[in-house]
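The values are calculated or read from the model by the stated rules, or taken from the named source; none is laboratory data. Please read these numbers as outputs of a predicted model, since none were measured by experiment. Here the Cβ is made from the backbone with ideal geometry for all residues, glycine too, and neighbour counts use every protein chain on show. Keep in mind that these areas ignore ligands, DNA and RNA; they rest on the heavy atoms of the full protein, side chains included. Shrake-Rupley method; radii C 1.70, N 1.55, O 1.52, S 1.80 Å.
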Amino acid sequence: MKKLILALLIIPIVLALVNCSKVSTPQSERDHFVDSLMSKMTMDEKIGQLTLYTSDWSVTGPTLNPNYEKDVKSGKCGNIFNALTVKYITKLQKIAVEETRLGIPLLFGYDVIHGYKTTFPIPLAEACTWDMDIIEKSAHYSAMEASASGLNWTFSPMVDIARDPRWGRIAEGSGEDTYLGCLIAAAKVHGYQGKNLDDPFTIAACVKHYAAYGAPQAGRDYSTVDMSDRVLRETYLPSYKAAVDAGVATVMCSFNELNGVPATANEYLMNKILREEWGFKGFVVTDYTGIPEMIKHGYSVDEKQAGELALSAGTDMDMQGGVFSKYLKKSLEEGKINKKQINMSVRRILNLKYELGLFKNPYLYLDEKREQETVFSKEIMDHALLSAKKSIVLLKNEPFKGQKLLPMSKTVKNIAIIGPLADNQEDMLGTWYGAGDKTKVTTLINGLKNKFPQANIQYAKGADFEGNDKSGFDAAINIANKSDIVICAIGENDGQSGEAGSRSDIGLPGVQQELMEELVKTGKPIIAVVLAGRPLTIEWLTKNVNAILFAGHLGTRSGDAIAEVLCGDYNPSAKLVITFPRSVGQIPIFYASKNTGRPFEANNRFTSKYLDIANEPLFPFGYGLSYTQFEYSNLKLNTKTIHDSDTLKITVTLKNTGQFDGEEIAQLYIRDLIGSVTRPVKELKGFNKVFLKAGEQKEIEFAITAKDLRFYDVNMQFKSEPGQFKVFVGGNSVDLIEDGFELL
Ligand code: NOJ
């Protein structure tokens, strides 16, 4: 009863603070409110706002604090993550609002990475759509479902550029290219946050992992990152900046050290670049236990010092470290940090709570009826299918006995479906699917049954993802022998990529390679559907099966999407956003490399090459086939010289010369031939996704200005340099037609 009376007294104080503002602009209303609230807060309450603990519902690391509910009640913890469902979140929010002195509502964060309940393709797969509308909508629908379940903050998008497929978290990003990565970063922020953060259907985004987490040495997760400032600024930082420019509310700093300083206490990254140069106004949260981990990094003597270093460098919120909570007050008393620093961080966090509308209505996101209506709604499930089919890349489609295997004939009689992903729900969801529900996933078998109702479909698992067990081979060979066509659903399970999912051998795991060798011996036509969180080294497969689809991991509608592509109801249009190496020894391999002083010459030993393998990748960046063919011709530039303020117009004729209607992603690359520092042999500068009916042709246009030609020159000035440039247009980063121009 006492609590209820207290709550009745406190809620009006908070609400009155919201309403009493006489200031007209929303920002000053917010500032006025936050000023007023902060003037009432004790230091302990302030430090509580800088603290984020996981609930024990769903964790990605050690649960350090089993007393989080008690800490919420005492004001020691102002933010919770990994708490799910309206019911449970309401319980926690009530404690914060009704049982603490000032009734400050909690933020509820979660890894809504590729969907909340309805799971969309893993980010690496969805990036292969090159479709900003699809990508933004996936983020929008993720926000709709997550907010309907009570969440108001997602730890997404992950925008770490990555060029080493051994690194398991490559699955969570948008691949190797900075230009594309920036567009996707912005699309996701817009999708999650919408126009207004206080719209109950949107959530705050958190761009991560700042910075350069995608470049760990040897591709081993959490490992050291050491790189030049030029590479950092040119390749790795722009995607975080794109998210900041798109208005991202929060930033997560990364686990790794960068050039000797852990990102969690990296003053250069946070205070200098993020805040001073980019003008970021939101707050920075650490990654999971990032602060105490600085002791093991060899950067702080103890937790107290780690907290001081983190706060001083620009980190505002301690995720799961419990360090701010334990030591910040003492550090303040000792003069190691000052009140101004704490106040600044508290203000940033309260600002977001205000902007999310939580002070006006702490229960804004908590409506059980809405939760039931939204989660797995038809509209969201339909989008999951659209996104999934648009994410599938056709890598190979060769004829078998004079006939192309794909699309499959709808009258095929006997289909053998083999492999550990054929009748599998959970692994189809892909890495860190969070709250995703495997029971809602369409398996590939069920997808095929829907599309080929008349066919006799036989299934054998054949092999697993791990171990040496070949006891399933015979059954698989047996059904293959009886079939007209063999579909193999092979690759990685959901745990073989993602966080802590690095691999040194990125071939087909377990005995799947041996299984494929046996199946090829049957002489039957084989389609391999490769599902994985990263590019795999599948050179043998590429040479020996007739057709290959790379599908990443596609989420809830996996089986439906793959079946639509197999039967030709959808003509594949996706293109790789990451280079496929032939072998691990070629890594790092990416299209935007440098030429070197001794570029490859076949007959000259002393050029840049391997003795035992080709320089070329298995499949290049931007690669992907269609059931139809596209032809590029008539590349024209409106001028051969441009000045700083001119726009170069590039046109090309694109013709669908095949038998099917289809979509093509036409790509524009440039090369700056001579610079004050050397430039990559190709840089993506634009693309155009075009739908053409069979036989149709269109003139497509790209534009380039001097701004697009800027880079960090020898003095680290970001500018373009006069000189000669090449322009390339085509359907991938290798097969291109070219021309040139000069920047005067
Ligand atoms: C650690 C991961 O690196 C990060 O991406 C994630 O958001 C947090 N755990 C919270 O689950």
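Odds and ends about this structure:
- A probe of 1.4 angstrom, applied to the heavy atoms of all protein chains, finds Arg710 with accessible area near 90 square angstrom.
- Histogram of C-alpha separations across region 49-371, 10 Å bin width, %: 6, 29, 37, 23, 5, 0
- In region 240-369, Cα pairs under 8 Å separated by at least six residues give a relative contact order of 23 percent.
- What you get for the chain, charging only the Cβ of Lys and Arg (+1) and of Asp and Glu (-1), is a dipole of about 680 debye around the Cα centre.
- Ligands, DNA and RNA excluded, the heavy atoms of Lys682 present near 40 Å² of accessible surface to a 1.4 Å solvent probe.
- Sites Glu466 and Met381, calculated FRET efficiency, Cβ-Cβ separation with R0 25 Å, nearest 0.05: 0.20
- For region 582-633, alpha-carbon Rg relative to the globular expectation (2.2 N^0.38 Å, N residues): 1.45
- Cβ-based charge dipole, region 630-743, positive-most Cα from Leu709, Leu635, Val652: Leu709
- For region 630-743, with all protein chains in place and a probe radius of 1.4 Å, 45% of the accessible heavy-atom surface sits on carbon or sulfur.
- With protein chains left intact and a 1.4 Å probe, residues in the chain average 38 Å² of accessible area per residue.
- Of all accessible heavy-atom area on region 292-388, the percent that carbon and sulfur account for (1.4 Å): 51 percent
- Spin-label pair Phe660/Leu611, simplified geometry with 7 Å Cα→Cβ offset, distance in nm: 4.5 nm
- The sum of -39500 (n - 2.57) across all DSSP H runs of n ≥ 4, divided by the residue count of the chain, sets its helix-only mean residue ellipticity at 222 nm to -8500 deg cm²/dmol.
- Normalised alpha carbon radius of gyration of the chain [divisor 2.2 N^0.38 Å]: 0.99
- Where labels lie 7 Å past Cα in the beta-carbon direction, separation of Trp278 and Asp713 in nm: 2.5 nm
- Carbon/sulfur fraction of accessible area - region 484-581, other protein chains in place, 1.4 Å, %: 39 percent
- Summary of the geometry: region 533-585 and region 628-664, compared by the centres of their Cα atoms, lie 27 Å apart.
- Accessible surface ranking that places the most exposed of Arg534, Arg233 first, with a 1.4 angstrom probe: Arg233, Arg534
- Total formal charge among the other residues, if their Cβ is under 11 angstrom from that of Ile417, Lys/Arg +1 and Asp/Glu -1: +1
- Charged-residue dipole, Cβ positions (Lys, Arg, Asp, Glu), region 149-250 about Cα centre, Debye nearest 20: 60 debye
- Cβ-based net charge around Arg230, under 15 Å, with every Lys or Arg adding one and every Asp or Glu removing one: -2
- Local net charge near Tyr712, Cβ-Cβ under 14 Å (Lys/Arg +1, Asp/Glu -1): -1
- Across the chain, the mean sequence separation of Cα contacts (distance under 8 Å, 6 or more residues apart), normalised by length, yields a relative contact order of 12 percent.
- Full-extension gain in nm, Ile674 to Lys94, via 0.36 nm per residue minus C-alpha separation: 202.5 nm
- Of all DSSP beta bridges in region 49-371, antiparallel share, percent nearest 5: 15 percent
- With the whole protein complex present, Leu736 retains an accessible surface near 40 Å², based on a 1.4 Å probe.
- Relative contact order of region 380-586, taken over Cα pairs closer than 8 Å and 6 or more residues apart, is 34 percent.
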